Amino acid sequence: MVTGGLRGGAAQRSRSVPATPPPVEPEALNGQERRQLTVVRRYGTLGALLLAVASLGAGAAPVYNPVTGVPVLGLFARMPTVALACGFAGMAIIVISWLLLGRFARPGRERLMSKSQMDRTLIMWATPLALIPPLFSRDVYSYIAQGKITARGIDPYLLGAAQALGLADPLTRDIPNMWKETPAPYGPLFLQCARWFSEITSDSVVVSVLLHRGLELLGVAMIVWALPRLAKRFGAQPVSALWLGAVNPLVLFHLIAGAHNEALMIGFMMAGLELALRHVPVTRPGEKPDKPPPWQRGELLWLIIGAVVITLGAAVKISAMPALGFLGVIVARRWGATFAHLVKAAAFMIAISATVLVTASLVTGLGFGWTGQLGTPGLVRSWMAPVTGVGMLSGQLGVLLQLGNHTDAAIDVARLIGMALAAAICVRLLWRSFRGRLDPMIGLGLALGVVVALGATVLPWYLLWAVIPLSAAVGDNRFRTVAAGVCAFIALAQPPTGSGFLGHAFVLPQAYLGAAVVVALSLLVVNRTLPIRRRKAAQGDADRLSVRE
C-alpha cells in the first residue's frame with residue numbers, strides 16, 4: 001500500500017504487498033537544455049503577445065468597445081484581418097511552444113525541468129493574456145449581467161438579462177442572442193461573487209472583466225498548487241502533470257483569456273482532493289491492507305475540509321460533484337473496503353455536500369433555484385455533442401423520409417439515453433475503483449470525460465474536466481501523446497473572436513494566410529535552437545557513429 005504524505009507510512013504497508021522502491025529522481029536540465037528551454041519560453045511568450053494584440057481587434061469585445069477611440073490601440077479594431085491573423089499566429093505559436101516544452105517534461109527522461117521552471121513558464125505565457133479583452137467566448141458578459149441582476153435583488157434563476165435588465169441595457173447587448181433570455185445555470189457561490197463585482201464596479205465592463213478574470217486566475221492557481229502534489233500521491237510525474245494539466249493551451253485560451261468559471265470549479269475540485277487526502281493513505285489498484293492503519297492526527301478534520309472545498313466547486317458549477325464520489329471511494333477503502341464502509345463513506349460525503357450547498361443557498365439569499373436551471377447549457381444545439389448530433393441527424397432523417405419534423409423529440413430522447421448511459425458508466429467506474437481495479441483519480445477523469453462526451457453540450461474547454469484529473473494520475477507516455485494531440489487540435493479549432501465574422505467570409509482565408517507566413521518566418525528565426533532540431537541532430541550523430549563502428 002502506498003501512503004500519500006503520511007508519517008510512518010512505510011511501517012503501515014500491507015504485509016502481503018512488497019514495498020515499492022522509491023522512484024529515481026530525475027536530474028536537472030543541462031546547460032544546452034536550459035538554453036533550449038529559454039528559446040521555447042520566449043517563443044511561447046511571443047505567441048501570447050500576438051494573441052494579446054489580436055484581442056484588441058479580433059477578440060470578444062463588448063458592443064461599446066472602450067478601445068475604439070484610444071490612439072494606436074483602437075487601430076486594430078479597424079483592421080480585423082490583421083488582428084485575426086495575429087490571433088491565429090499567436091495561437092499556433094503557443095501550441096507549438098507547448099508541444100516543444102513537453103520534451104522537457106516527458107516521464108522516464110533522465111533530465112527534467114523543475115517545477116519552478118514550469119511555473120515560471122506558465123507565468124510568462126499567461127501574463128499577456130490576463131489584462132486583455134475576452135477571447136474565444138462572450139460568456140464573461142453573461143457572468144457580469146447575472147451579477148447585476150443579483151445585485152438588484154432580482155432572482156437570476158427566474159429571469160434572463162433581457163427581462164431583468166432590458167434589451168437596451170449595455171450589459172444585455174454584450175450577451176449572445178441565444179443567452180439573453182436564459183436564467184443563470186451557475187451555483188450560488190459564483191453568483192454571489194458576480195454580485196460583489198457588480199456592486200464594486202457598477203456598469204464598468206472593463207473592470208468587471210478584469211475582476212472575473214482574477215477570480216479564474218485564482219482557480220488556475222489552485223490547479224497549479226494541487227496538481228504536482230496529487231501527481232506525486234498517485235504515481236505520476238509532477239512536472240509532466242503540470243505541463244499537461246496547467247500549461248495546456250486550453251487553459252491559457254479558455255480559462256485565462258476566456259475567463260470561464262470552469263477554472264474556479266476545477267481549482268476547487270483539485271485543491272479539495274489534495275486537502276482531503278493529506279493524511280489519508282491511498283491504496284493503489286490491486287492492493288488491499290490486511291488491517292486498516294490507525295487514524296492519524298488531523299485526518300478526519302482535513303477530510304472534512306477537503307470535502308467542503310470540493311463542494312464549493314460544485315457551488316460554482318455542479319460538474320465538480322463526481323469528485324466527492326471518488327473521494328468517498330478512497331475513504332471507504334481506507335476504512336476497510338467493505339460494502340458497509342462504502343455506504344458509510346457515501347453518507348458522510350452526502351451529509352457534508354448537502355450542508356455546504358444548503359448553507360450557500362441560504363446565506364447568499366439565492367435559494368435553490370439553481371437546481372432547476374442545470375439544463376440551461378443544453379439549449380445550445382451543436383454537432384460537437386455526439387448525443388445532440390445523433391438527435392439532429394435522426395430528426396433530419398425523419399424529414400427526408402416524410403415522417404414529419406420530430407427533431408426536438410429526437411434530440412430529447414438521444415440526450416436522455418446519453419444521460420442514462422453516462423450515469424451507468426460512472427457507477428461502474430466508482431465500483432471498479434472501490435474494488436481496487438482502477439485508480440480513483442483515473443476513474444474521476446474517465447467519469448468526467450464520459451459526462452462531457454455524452455452530455456447535451458460539448459464545448460472546447462469542457463475537455464479540461466477530464467484532462468486535468470487524468471494528468472495527475474496517468475504517467476503513461478502514450479496517453480500523454482494522445483491527450484496532447486487532442487488538446488492541440490481543439491485549441492486551434494476555434495477562432496479567438498468568440499462569435500462570427502459579421503458576414504465577411506473573405507477575412508478568414510486572408511487571416512489564415514497571414515498567420516501561416518508569420519509562423520513560418522518565426523520558425524525560421526528560431527530554427528537553429530529549437531529542441532526538436534537538436535534532438536534530430538543528436539540522433540543523426542548517433543546513427544553516423546554506429547555506422548562507423
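The values are calculated or read from the model by the stated rules, or taken from the named source; none is laboratory data. Bear in mind that the values here come from a model prediction, so they are computed numbers and not experimental data. For neighbour counting, all protein chains shown are included, and Cβ atoms are generated from backbone atoms with ideal geometry for every residue, glycine included. Accessible surface areas use protein heavy atoms only, side chains included; no ligands, DNA or RNA. Shrake-Rupley method; radii C 1.70, N 1.55, O 1.52, S 1.80 Å.
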SASA check, residue 180, accessible area w/ 1.4 Å probe, all protein chains in place, rounded to nearest 10 Å², comes out at 30
When the Cα centres of the stretch 138-178 and the stretch 54-103 are compared, how far apart do they sit, in Å? 26
Let me have the 222 nm mean residue ellipticity of the chain computed from DSSP H runs of 4+ only, each contributing -39500 (n - 2.57), with the sum over all residues rounded to the nearest 500. -20000 deg cm²/dmol
Selection from 280, 53, 465 lying farthest towards where the dipole of the chain points positive, charges on Cβ: 280
For the chain, the longest stretch holding no chymotrypsin sites (Phe, Trp or Tyr not before Pro) located in a DSSP loop with at most 13 other Cβ atoms within 10 Å is which? 65-294
Cross-link pairs beyond the 23 Å C-alpha cut-off, checked among 317/344; 115/232; 115/317: 317/344; 115/317
Kyte-Doolittle cut-off -1.0, length cut-off 27 Å along the helix's own axis using Cα: show which whole DSSP H helices in the chain pass. 31-58, 80-101, 205-234, 339-363, 407-434, 507-526
Could you compute Rg(Cα) / (2.2 N^0.38 Å) for the stretch 221-359, with N its residue count? 1.09
Relative to the Cα centre, what is the charge dipole magnitude of the chain, using +1 at the beta carbon of each Lys and Arg, -1 at the beta carbon of each Asp and Glu, and rounding to the nearest 20 debye? 1820
Using a 1.4 angstrom probe on the protein heavy atoms only, line up 119, 174, 412 by accessible area, largest first. 412, 119, 174
Can you send over the solvent-accessible area of residue 279, 1.4 Å probe, protein chains only, in Å² to the nearest 10? 60
To the nearest 20 debye, what charge dipole does the stretch 201-330 have about its Cα centre, counting +1 at the Cβ of each Lys and Arg and -1 at the Cβ of each Asp and Glu? 420
From the residues 159, 172, 135, which one has its Cα farthest along the dipole of the stretch 90-240 in the positive direction, the dipole being from +1 and -1 charges on Cβ of Lys/Arg and Asp/Glu about the Cα centre? 135
So for the chain, using the alpha carbon gyration tensor with a ≥ b ≥ c as root eigenvalues (a/c under 1.5 gives rounded; past that, a/b versus b/c decides prolate or oblate), I'd call it oblate
Mind checking which of 245, 219, 74 is farthest towards the positive end of the chain's charge dipole, using Cβ charges of +1 (Lys, Arg) and -1 (Asp, Glu) about the Cα centre? 245
